[in-house]
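Contents: one structure, followed by commentary.
Quick note: the coordinates plus some simple rules give every number you see, no bench work behind them. Everything numeric here is computed off the predicted structure, so don't read it as measured data. In this analysis, Cβ positions are derived from the backbone assuming ideal geometry, glycine residues included, and neighbour counts consider all displayed protein chains.
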2 protein chains.
Amino acid sequence: MKLKEFARQLGLSPTTVSRALSGYPEVSEKTRKRVAEEAVRLGYRPNINAVRLVTGRAGAIGVVMGRTAEFHFAEFMSGMAERLDGEDIDILVSPTADRDSTDDVPLYSRLVTSGRVDAVIVHSPKPNDERIALLHRLGFPFLVHGRSETDVPHAWLDIDNEGAVRRATSHLLDLGHKRIAMINGRPGRTFSLHRDKGYRDALSERGIPFDARLVAHGNFTDELGFRFARSFLEQSPRPTAFVAGSMMTALGIYRAVRSRGLVVGRDVSVIAHDDVFPYLTAENMGPSLSATRSSMRAAGARSADLVLQLLSGRPATEIHELWPVELILRESTGPAPPEAQS
Amino acid sequence: MKLKEFARQLGLSPTTVSRALSGYPEVSEKTRKRVAEEAVRLGYRPNINAVRLVTGRAGAIGVVMGRTAEFHFAEFMSGMAERLDGEDIDILVSPTADRDSTDDVPLYSRLVTSGRVDAVIVHSPKPNDERIALLHRLGFPFLVHGRSETDVPHAWLDIDNEGAVRRATSHLLDLGHKRIAMINGRPGRTFSLHRDKGYRDALSERGIPFDARLVAHGNFTDELGFRFARSFLEQSPRPTAFVAGSMMTALGIYRAVRSRGLVVGRDVSVIAHDDVFPYLTAENMGPSLSATRSSMRAAGARSADLVLQLLSGRPATEIHELWPVELILRESTGPAPPEAQS
DNA sequence: TTGAAAGCGCTACCAG
DNA sequence: CTGGTAGCGCTTTCAA
């Protein structure tokens, strides 16, 4: 059913029907109501592609899915979907075969010029991120999930990675730990750098020297968590505590600790960052995992919300949100073992 | 830059340019080449919404993201993206706030009539799935990832869940296990039913009676894996082996086994289904996890491929693929402990 | 408050 | 092989 046909059945002009459906003020309440009801009854829905052509809006927000970050990503998108429900805005996942293409500049370029999306969300930026520069140059609306250090003004939403890790590390120091290892995220990303900073600052506050041999960077996989933890535990004296970038990393660390005949929470303490997954919970690990905690789903929902604001004209320079991170203590953290105290 | 303007700069008609860019055969090779080069040079890209309006194609494949299945889902989508790269077809994730909305019929209905997508992929069907009936009724192209038992002819891609679990169970029986528990997926879904069947058939082949107290159904989370495994292990005699529906479930089982002071691979054997995640690997669990294995990413890529075939006219009735599943034995499986043999 | 008509940018039919 | 042109279905001036 087309607009023309539908309008004729109502005895109205296409103009009036269009206005009624779009909620324009100049249509009488009575007419609007009638149109709305009949649309449902007769199953009339405007052709979305015609609407898009004429309005110039794509009706979608673009995201680029990198191969490495995807278990976070699904949660984020889920949150977006939650917020976008009923908004008539879609989420467009940009196809790419690239391995680590979250920062594939040509891809963003294509996405923007293709007219498929009204805005894009940039994930895991670097301090000096080319994607941000590109998007700004093109004058295209975008929101950064994370932070960069670019001069370019832009909208962003981030969690306080630095503060979270500082607190986690300080807490371990409070417990008497002196050799604290950190298995951080991909090198070069701002969130990893912020976490590095939080870690170093906490150490230096207590006058504990930074030891580069206790810090590693890489993707958030159980595999790397295990490998790095194994190698750290071979040092002498070995670390008595770990700060980990993700739940998957923590799984690897737990396994490494056990494989050395040690016990998590007694011989070795672990604090990880928990993005709050429905299928893998810090509380349910054995022993339950102390964690810095911030919901990826909530970030996705709020990001969608902010993009919507951006699209309705709120200046990007006004849109900056830094979320605090909770530190939740469970069984995986305990006092440093006596032999390490000495 | 619009087509008209671009064509004028080339000294050609819009018609010819359009045809050249779309690869129509009636354009001379020379002209086509020139047009293609100039398009890149001048940065001309057809307005996608105009193309969509006039062709009636949406240029996107729709997927509905359920809240519960999402860690599989990201892998699947990643695979789709891999295949769709360069095809000028997007993946559209349909926004929904519903908890378990993978089979939200009104949602599919809206998705189809909205004109946003050319085809949809249906996940985790039930034997008699309403979504399939709906899509068939509407005459809309779709591919089912999984199987149903409906009479409606349709395209599908599935893995051999029944065979996989039959082999896993048989293997455990070969090892002397007699009380084998199964923690399966969501009740009512065809894949869960197929796995149930594989399990029961393997038992009955050996004349071992089916015991409903050893089977549970639910979402694939570590939490449920743990809870079910705990409760099974409280039985007397307790099960000496588990068949698990997912890696997350297996994590929960491992923890439950350990929490009872038992050892996986010695006191209790575990085989799980592994969808092959980059961030959590069966091989890296402790002990390494024996698994039935089939790549979700590969399924996503192939599904996208099949949808493309569907859209280019291949009959849905021809598109049926059943993928075999590997059984990979690692350390989590071993002979039934002697006391259980008796 | 309602309607007529001019496009949005492109494809595809029909001519040449 | 190339070009003119009629729409695709809708929104939005402008006029009534």
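General observations
- Proxy reagent accessibility, fewest Cβ within 10 Å first, across A:I91, A:I271: A:I91, A:I271
- For B:M77, A:M182, order by how many other beta-carbon atoms lie within 10 Å, fewest first: A:M182, B:M77
- Between amide H atoms placed 1.01 Å from N, distances below 5 Å from B:A241 occur with B:A181, B:S269, all of them 5 or more places distant or on a separate chain.
- Distance violations [Cα-Cα > 22 Å] among A:K4/B:K4; A:K2/B:K4; A:K4/B:K2; A:K4/A:K30: A:K4/B:K4; A:K2/B:K4; A:K4/B:K2
- By DSSP, the beta bridges lying fully in the range A:190-342 are antiparallel in about 25 percent of cases.
- Net dipole in debye of the protein assembly as shown [+1 Lys, Arg Cβ; -1 Asp, Glu Cβ; about Cα centre; nearest 20]: 680 debye
- Distance between the range A:269-342 and the range A:104-160 - C-alpha centres, whole angstrom: 23 Å
- Taking the C-alpha atoms of chain B, convex hull volume expressed per residue in Å³: 155 Å³
- Calculated label separations, A:L322, copies of the chain, 7 Å along the beta-carbon direction, nm: 5.9
- Copies compared at A:R45 - label distances in nm, ascending, label defined 7 Å from Cα in the Cβ direction: 2.7
- Mean separation of Cα pairs under 8 Å and 6 or more residues apart, divided by the residue count, gives the range B:5-54 a relative contact order of 29 percent.
- Shape metrics for the range A:1-155, restricted to C-alpha atoms - Rg then Dmax, Å: 19.9, 60
- Ascending distances from the A:E149 label point to its copies in the other chains, with the point 7 Å along the Cα-to-beta-carbon line: 6.3 nm.
- For the range A:231-251 and the range A:197-217, distance of Cα centres in Å: 14 Å
- Cα-based shape type of the protein assembly as shown, given that a ≥ b ≥ c are square roots of the gyration tensor eigenvalues and the cut on a/c is 1.5: oblate
- Among the trypsin sites (Lys or Arg not before Pro) in the range A:97-169, those placed in a DSSP loop whose Cβ has at most 13 other Cβ atoms within 10 Å are A:R99.
- Share, in percent, of DSSP beta bridges within chain A that are antiparallel, nearest 5: 10 percent
- Of the trypsin sites (Lys or Arg not before Pro) in the range B:200-253, those whose Cβ has at most 14 other Cβ within 10 Å and which sit in DSSP loop: B:R206
- Gyration tensor verdict on the range B:201-285 (Cα atoms; rounded if a/c is under 1.5, prolate if a/b is larger than b/c, oblate otherwise): prolate
- Leading residue at positive end of dipole, chain B (Cβ point charges), from B:L175, B:M77, B:F226: B:M77
- Dipole orientation for chain A: of the candidates A:A241, A:P338, A:L134, A:L134 has the Cα lying most toward the positive pole (charges on Cβ; Lys, Arg +1; Asp, Glu -1).
- Where GluC sites (Glu not before Pro) in DSSP loops with at most 14 other Cβ within 10 Å are excluded, longest remaining stretch of chain B: B:235-342
- Net charge dipole size for chain A [Lys, Arg +1 and Asp, Glu -1 on Cβ; Debye, nearest 20]: 540 debye
- Among the trypsin sites (Lys or Arg not before Pro) in the range A:253-337, those placed in a DSSP loop whose Cβ has at most 15 other Cβ atoms within 10 Å are A:R260, A:R266.
- Computed on the range A:198-326, with alpha-carbon pairs under 8 angstrom and 6+ residues apart, the relative contact order is 17 percent.
- Fraction of beta bridges assigned by DSSP in the protein assembly as shown that are antiparallel (%, nearest 5): 10 percent
- With a 10 Å cut-off around each Cβ of B:71-84, the average count of Cβ atoms from other chains is 5.
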